[in-house]
Amino acid sequence: MTLSLRRSTGSVGGTHRQAHHPSSGYRREPLRRQRPLTLVTTTKSDSHTWNLVYLELVLKELGHDVVNLGPCVPVELLAGCAREVGPDLVVVSTVNGHGVRDGIEIAGVLRQMDELARTPIVIGGKLSTSGEAGASEQARRLRHAGYDAVFGGTGAISAFRAFVAGAGVRA
């Protein structure tokens with residue numbers, strides 16, 4: 001994704017999403033995208049990266065540009081990045097078993113942002129330390145917190161691929 005800097009002198013025009021750049025008097029304006037932009041992250045307590053790299057490859061295969069925030073992402077950093085890049089999809093992946101706890105916090109912050117009001121936000125991976133026990137209740141809690149979809153257990157990556165393809169996430 002390419003970003004352009006324009007001097008802020010009132011209306012910038014066009015239908016681009018705009019995010020305020022911290023530099024005095026400048027606003028970052030993403031150029032029109034040809035492909036959907038997906039923000040991939042993990043939770044603040046998850047130090048794993050292999051799952052993020054794998055999802056990045058899957059999403060690129062499905063035609064997405066990807067911003068991968070890496071491991072141990074504080075929710076404030078995730079929110080700031082989402083505000084700046086204006087993603088078409090946010091994917092939270094976790095494999096440390098704290099996805100429900102950390103995921104509810106993430107959804108609470110992201111769903112309060114006007115910029116993400118219509119953006120699909122999904123979560124998947126190892127969402128708890130109790131294995132498959134209580135998986136439907138965990139998924140219910142995460143959807144109630146604001147996730148559009150929850151992926152876990154056998155078949156999760158196939159369901160994720162189908163969601164991304166079927167959601168019609170477009171730039």
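Determine if the range 114-134 includes at least one residue that is without any contact (Cβ under 8 Å) to a residue 24 or more places away in the chain and either within 13 Å of the chain's Cα centre (by Cα) or not assigned by TED's automatic domain parsing to the domain that holds VAL73 (or both).
If we filter the range 114-134 for residues that are without any contact (Cβ under 8 Å) to a residue 24 or more places away in the chain, which is where we start, we get 114, 117-118, 130-134.
So of that shortlist, the ones also either within 13 Å of the chain's Cα centre (by Cα) or not assigned by TED's automatic domain parsing to the domain that holds VAL73 (or both) come out as 117-118.
Yes: one or more hits.
Filtering the range 68-82 to residues that are surrounded by 17 or more Cβ atoms within 10 Å (Cβ to Cβ) and either touching a residue at least 40 places away in the same chain (Cβ under 8 Å) or part of a helix (DSSP H, G or I) (or both) leaves VAL75, LEU78, ALA79, CYS81, ALA82.
Would a scan of the range 29-38 turn up a residue that is at pLDDT 95 or above and either of a type in the set (S, T, N, Q) or in contact with a strand residue (DSSP E or B) (Cβ under 9 Å, 6 or more places away or on another chain) (or both)?
Here is the first cut: in the range 29-38, the residues at pLDDT 95 or above are 37-38.
The next check asks that each one be either of a type in the set (S, T, N, Q) or in contact with a strand residue (DSSP E or B) (Cβ under 9 Å, 6 or more places away or on another chain) (or both); those that pass are 37-38.
Yes - at least one qualifying residue is present in the range 29-38.
For beta carbons closer than 6 Å, sequence separation of 6+ or different chains, a first residue in the range 141-165 that is within 17 Å of ARG118 (Cβ to Cβ) and a second that is not hydrophobic (A, V, I, L, M, F, W, C), the qualifying pairs are GLY146/ARG111; ASP148/PRO120.
Quick test for you: out of THR94, THR154, pick the one residue that is surrounded by 14 or more Cβ atoms within 10 Å (Cβ to Cβ) and farther than 19 Å from ARG33 by Cα.
Working: THR154 fails: surrounded by 14 or more Cβ atoms within 10 Å (Cβ to Cβ).
Being surrounded by 14 or more Cβ atoms within 10 Å (Cβ to Cβ) and farther than 19 Å from ARG33 by Cα holds for just one of THR94, THR154, which is THR94.
The values are calculated or read from the model by the stated rules, or taken from the named source; none is laboratory data. Here the structure is a predicted model, which is why all the values come from computation and not from measurement. Quick reminder, even Gly has a Cβ in these numbers, built from the backbone with ideal geometry, and neighbours come from all protein chains shown.
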